[in-house]
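Following: one structure in structure tokens, then a few remarks.
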């Protein structure tokens, strides 16, 4: 569900610091929707054509705010953002309105996750891309790889997530 966020956050932050980053300047021990949106923008995940749309952001927020109280507390953060499980299915109503098996014949919404698509990748120096090592480089030199990613929506189908 939150693959992109988890990827960025886990790269350099502990869960406590990540929670503090996402709650931005909220006075309480919770993440607000506006703080969540601001954090996504600061992570470079929204605010540009290839980023998350406002609809995507709302879907992520609804999935994170499991109790529907308008804020994500630390427990919800741990369960839904830091350690998400794609196999968790939201409870669905049966014909009689009780929890259990889903109503048949209705539209089912497939869970989706956000991942990365490689837009461009370049090695330096350019000769390395053609399989040749420049004469002025020693064997211990490295060829830096520069990659441009764009976020993509992916179906969440079990253990891959």
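Could you please find all residues in the range 32-75 being within 14 Å of residue 22 (Cβ to Cβ) and assigned to a loop (DSSP other than H, G, I, E, B)?
The answer is 43, 45, 65.
State yes or no: is residue 15 surrounded by fewer than 18 Cβ atoms within 10 Å (Cβ to Cβ), outside the structural domain of residue 149 (by TED's automatic domain parsing), modelled with pLDDT of 75 or more and within 17 Å of residue 154 (Cα to Cα)?
Judged against the criteria, residue 15 is not a match.
Among the candidates 146, 66, which residue alone is closer than 27 Å to residue 14 by Cα, modelled with pLDDT of 70 or more and surrounded by fewer than 10 Cβ atoms within 10 Å (Cβ to Cβ)?
When all the criteria are applied, what remains is 146.
The values are calculated or read from the model by the stated rules, or taken from the named source; none is laboratory data. Worth saying up front: this structure is predicted, and the values here are computed from it rather than measured. Quick reminder, even Gly has a Cβ in these numbers, built from the backbone with ideal geometry, and neighbours come from all protein chains shown.
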